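Input: a single structure, listed below in structure tokens.
What follows is calculated from the coordinates using simple rules that are stated; it is not laboratory data. This one's a predicted model, so the numbers in the text were calculated from it and none came from an experiment. Please note: Cβ atoms are built from the backbone with ideal geometry, for glycine as well, and neighbour counts cover all protein chains shown.
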Amino acid sequence: MNTKMISFILGHVLRIEAALMCFPILVALVYQEQCGLWFVAVAAVCLITGYLLLRCKPESNVFYLKEGCIATALSWVFMSFFGCMPFYLSGQIPKFTDAFFETVSGFTTTGSSILPNVEALARCMLFWRSFTHWIGGMGVLVFLLAILPMTGGSNMNLMRAESPGMVVGKLVPRVRYTARILYYIYMVLTVIEFIFLLAGRMPMFDAICITFGTAGTGGFGVLNSGCADYTAYQQWVITIFMLIFAVNFNAYFLIIFGKAKKAFSMEEVRVYWGIVVVAIVFVFAYTYIPGMKMEPALRAASFQVASLISSTGYATVDFNLWTAPAKMMLILVMFIGACGGSTGGGLKVSRIITALKAIKKELGLYIYPKRVQNIKMDDKSVGSETVHATYVYFLTFTLIFGCSLFVVSLNGYDFETNFSAVLTTLNNMGPGFNAVGPTMNFSHMSVLTKYVLIFDMLAGRLELYPMLLLCMPSIWKEYLKSVKQ
Amino acid sequence: MLGNDKKSNQKGLKIIIVGCGKVGSTLTEELSAEGHDVSVIDQNAGAVQTLSDAYDVMGYAGNGASLKLLQEAGIDTADLIIAVTGSDELNLLCCTVAKRESNCAAIARVRTPEYSEEADYLRERLGLALIVNPDQEAANEITRVLTLPTALEIDTFMHAQAELIKIKIPENNVMDGKTIATIAREHSFHMLICGVERDGIAHIPSGAFVLHSGDQISFIGTRKHTKEFLESVGFDTKSVKDTMIVGGGRSAMYLAKNLMNSGIQVKIIEKDLEKCRKLSENFPNAVIIQGDGTDESVLMESGLKEAESFIPLTGIDEENVMLTLHAKHVSKAKVITKINRNSFRDVIDSMDLGSVIYPRYITSEVIVAYVRAMRDSKKYKSNVLTLYHLFNAQAEAVEFRVSQNSKIIGKKLMDLKIKENTLIALIFHRGKVIIPGGSSVIEANDRVIVVTANLGLDHIEDILA
């Protein structure tokens with residue numbers, strides 16, 4: 001195994017993190033907050049650690065999928081570890097586990113919080129908390145690929161390990177330009193949302209943090225009331241942008257390069273919008289009480305559906321109080337999640353489509369046992385390996401889900417709480433139901449549960465396998481062996 | 001993984017390569033390393049996947065002649081399409097479709113002997129930039145080496161007016177232990193030793209470089225002068241009189257034709273009777289033997305011991321290598337090994353196989369030269385004309401045409417600040433070949449051959465530090 005290359009990537013990731021910490025330092029300067037000094041200290045430590053890791057130059061550039069997965073998984077763990085330090089050291093989040101949970105939740109764009117009182121946090125801390133969403137949304141390794149002069153195709157393995165989606169493809173021949181284009185689209189959309197929110201007279205600081213939360217489909221807010229206190233216009237803007245950031249970015253790429261027709265015919269995107277519309281209508285129908293005003297009910301339904309299908313997790317109302325069918329619909333869209341190649345989480349629409357088509361194909365085999373049929377997506381055959389990988393993904397997902405559910409149930413909460421806590425972290429949503437509902441938080445869970453949920457968040461963000469690989473003893477044996485050499 | 005930043009930032013051309021076979025993958029590797037945006041197309045989705053995993057390129061699975069797929073691969077904005085699938089017809093169709101759809105340049109590989117005789121006609125009528133034929137090129141290279149069997153490799157410039165010859169210095173040779181300057185003084189001023197490979201590492205030598213036996217050296221000069229030099233340092237310069245070829249495939253056909261034209265007696269051993277009949281029909285003066293060329297007794301019976309040269313062309317690399325080793329063992333014949341695949345090059349280099357020929361590199365050299373000229377032509381107009389890889393692609397010999405507004409003209413070479421490991425090896429001035437010294441001057445419209453370890457020169461100014 002090429003351990004030096006892994007350290008090399010970790011080193012770069014830490015240096016980038018140090019650079020990113022300059023932004024909360026700026027915020028601290030603006031609001032004259034003392035605790036901003038902790039960011040300076042942690043950034044310095046990141047820089048030094050990064051420098052030490054970069055000192056031994058890798059001799060070989062060969063870089064396979066396993067190294068890509070390990071580098072990615074370790075990067076995320078390291079990033080979260082250093083990222084939580086300002087919270088912990090400044091005493092704003094007194095317990096380490098809580099601070100780590102909060103940061104992992106930030107980077108993985110989950111948005112589950114352990115903070116009972118968000119407004120008590122210093123401004124620079126709040127900013128950093130939301131900024132982690134934005135960084136984690138597109139991924140820090142994709143950013144690394146965009147700025148580091150790397151050649152060779154093996155760095156595709158990094159992108160594959162970090163980007164969500166069934167098949168991770170390139171937009172243009174070079175990984176580097178692909179990564180750049182993705183970040184350009186991401187930045188432009190972020191800026192547009194920010195402008196829209198400012199135009200709606202949202203306070204500057206709120207607008208920045210909410211934009212980060214929406215862009216990364218994360219869900220950390222700055223108010224205890226979530227998004228309930230924002231105006232109707234602001235809520236509609238957030239709703240629309242949550243939906244926009246959950247669309248496969250390939251579609252935007254196609255639109256930019258004048259192939260709008262192709263973008264609109266993307267099967268995944270069309271099915272996604274279909275699900276959104278159906279879910280909104282359904283939830284609206286089951287939450288609307290005759291005599292109520294139409295607009296607020298429709299807005300609440302749309303906001304909640306958009307928030308959960310995009311795996312953002314903002315809330316304008318306490319949907320825990322909604323009727324059972326409406327809640328069931330929300331659970332369903334939580335499972336489905338966003339499109340592949342977006343910043344959202346969940347199982348991904350493309351996987352659901354493939355699985356449904358595979359089921360249809362299997363059913364067909366009962367009618368004509370010898371029937372040969374290809375599964376197609378966007379008029380192209382999906383290879384049998386991809387279909388197979390989808391099955392295994394569902395199976396792995398279910399297994400992790402089951403194991404986590406078991407551990408979480410040790411807390412002694414009701415089933416709905418346990419189930420939704422695992423679902424919401426593994427799919428990177430944010431809030432669940434009952435004791436972890438939109439008005440509640442995760443602070444009352446046991447330490448063990450929190451670590452299990454931390455694992456779930458990372459596994460969910462990195463599409464399961466990189467984190468599982470990190471748990472394999474044979475990988476570490478190989479790792480130690482090559483370190484010794 | 002970490003590349004040269006300057007190269008990767010440079011705006012490359014958009015190139016579509018159809019066919020991910022041996023030549024296709026070599027081209028993908030070289031062109032993507034030179035900073036071009038490469039997309040590959042092949043029917044075999046697995047091959048596309050492997051290639052786009054290994055190099056930083058975009059892959060598309062499907063038929064490269066289909067307009068829909070070409071459009072998806074971005075033919076309308078592409079600068080160049082290279083069709084190197086296994087089928088000549090498909091290659092030509094790909095290029096034809098691509099040319100109709102956009103104004104990109106097109107290069108096709110055409111190998112069938114019938115078509116290759118009409119290559120010029122096809123090229124002109126279909127509006128192609130180049131037609132490449134690796135088998136023909138390989139046959140040409142083998143023929144050159146057979147006419148000067150002491151050489152390991154011979155590359156030619158300016159319609160064979162100048163030659164770059166690679167030899168290995170044997171034990172107790174007069175050159176052993178002498179500096180390059182001494183050798184030039186004692187033997188010939190009309191040639192220049194421009195590359196030395198010692199223990200697998202290529203050096204671009206200065207005059208003070210001391211040669212040892214076992215070194216492989218490349219020197220450049222006109223045919224007359226290189227011959228004189230070789231004779232004066234004790235090498236034989238006589239052409240071989242006969243040759244024995246194992247395998248009667250396409251490459252053997254091209255080679256036999258070349259050799260018969262230069263008066264070398266040809267003997268071909270081929271297993272398949274039908275093929276033998278066809279060979280005999282085409283080459284009535286050649287000796288065609290039907291038999292298994294990998295069988296020792298067949299080889300002995302056919303006279304391997306007495307053969308002056310021996311060339312296995314079975315199409316299977318492992319067989320070729322074994323046959324070469326066997327021939328070296330039992331006879332004194334000059335052997336040339338043709339290696340098609342790219343794997344295990346270091347093992348192949350460590351074996352004593354005589355001259356080794358890689359058809360895929362010959363093809364890619366031609367195409368890479370064309371691409372570099374294409375990239376450069378808009379800006380400096382000092383085109384790359386010819387390009388050869390030397391010493392396992394550690395160094396390159398590049399021929400440039402010097403434009404009128406070039407920065408290097410009218411200055412003495414010793415006044416130019418030239419990069420390290422770079423040598424101006426030869427100047428063609430109005431049809432005359434000049435081996436340059438410190439006081440030589442390059443003028444506009446001269447052609448210059450540069451030997452360098454700084455790979456990737458696009459224009460002559462690139463040699464300046």
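Quick look at the numbers
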quantity	calculated
Residue among B:T85, B:S39, B:S25 farthest towards the positive dipole end of the range B:5-132, charges placed on Cβ	B:S39
Isotropic mean projected area of the C-alpha convex hull, the protein assembly as shown (nm²)	46.6
Dimensionless Rg ratio for the range B:242-357, taking C-alpha atoms and the 2.2 N^0.38 Å reference	1.00
Distance from the range B:221-291 to the range B:76-102 (C-alpha centre basis), Å	34
Check: the range B:5-132 dipole with +1 on Lys, Arg Cβ and -1 on Asp, Glu Cβ, in debye	180
Shielding by partners - mean other protein chain Cβ count within 10 Å, residues of A:164-177	4
Sorted largest first, extent of chain B alpha carbons per principal axis (Å)	59, 59, 40
Average other protein chain Cβ within 10 Å of Cβ, residues B:48-59	5
Greater than 25 Å apart at Cα, pairs in B:K178/B:K328; B:K166/B:K238; B:K224/B:K432; A:K57/A:K450	B:K178/B:K328; A:K57/A:K450
Rg(Cα) / (2.2 N^0.38 Å) computed for chain A, rounded to two decimals	0.95
Ranked packing of A:364-371, B:443-450, B:36-43, most packed first, by mean Cβ within 10 Å	B:36-43, B:443-450, A:364-371
Charged-residue dipole, Cβ positions (Lys, Arg, Asp, Glu), chain A about Cα centre, Debye nearest 20	1520
Equivalent ellipsoid, the range A:176-326 (semi-axes from 5 times Cα gyration tensor eigenvalues, Å)	27, 20, 12
Residue among B:S280, B:I220, B:G315 farthest towards the positive dipole end of chain B, charges placed on Cβ	B:I220
Given charges at beta-carbon only (K, R positive; D, E negative), |dipole| of the protein assembly as shown in Debye	1320
³J(HN,Hα) computed for each position of the range B:413-425 - Karplus, 6.51 cos²θ - 1.76 cosθ + 1.60, integer Hz, glycine/proline x	4, 5, 8, 7, 8, 9, 4, 5, 6, 9, 9, 8, 8
Along principal axes, Cα extents of the range A:283-368, largest first, whole Å	54, 31, 19
DSSP-defined antiparallel bridges as percent of all bridges, the protein assembly as shown, nearest 5	55
Built amide H within the under 5 Å cut-off of B:I17, gap 5+	B:S39, B:V40, B:I41, B:I82
Difference of contour (0.36 nm per residue) and Cα-Cα distance, B:I201 to B:V287	26.8 nm
Principal axis dimensions, largest first and in whole angstrom, of the range A:93-138 by Cα	29, 21, 14
10 Å Cβ neighbours from other chains, averaged over peptide B:38-47	1
Pair B:M322, A:K261: separation of 7 Å Cα→Cβ label points (nm)	5.8
Other-chain or far-sequence residues with amide H under 5 Å of B:S355's (modelled H)	B:V335, B:T337
Note, ³J(HN,Hα) from phi for the range A:29-43, Karplus 6.51, -1.76, 1.60, rounded to Hz, x at Gly and Pro	5, 4, 8, 6, 9, 4, 5, x, 4, 5, 5, 4, 5, 5, 4
Of the DSSP H helices in chain B, those whose Cα atoms cover at least 24 Å axially and whose Kyte score averages -0.5 or more	B:359-377
Vicinal HN-Hα couplings computed from phi for the range A:457-465 (Karplus, 6.51 cos²θ - 1.76 cosθ + 1.60; Hz; Gly/Pro x)	5, 5, 4, x, 5, 9, 6, 6, 5
Peptide ranges A:99-112, A:23-36, B:80-93, A:375-388 listed from the most packed, as the mean C-beta count within 10 angstrom indicates	A:99-112, B:80-93, A:23-36, A:375-388
Dipole of chain A, positive direction: furthest Cα of A:Y64, A:G137, A:L53, with charges on the beta-carbon	A:Y64
Cross-link pairs A:K66/A:K357; A:K66/A:K262; B:K257/B:K334; B:K267/B:K332; B:K241/B:K271 - those with Cα-Cα distance over 28 Å	A:K66/A:K357; A:K66/A:K262
Estimated FRET transfer efficiency (A:E478, B:R345; beta-carbon r; R0 25 Å; 0.05)	0.35
Radius 15 Å from Cβ of A:T211, net charge of other residues (Lys, Arg +1; Asp, Glu -1)	0
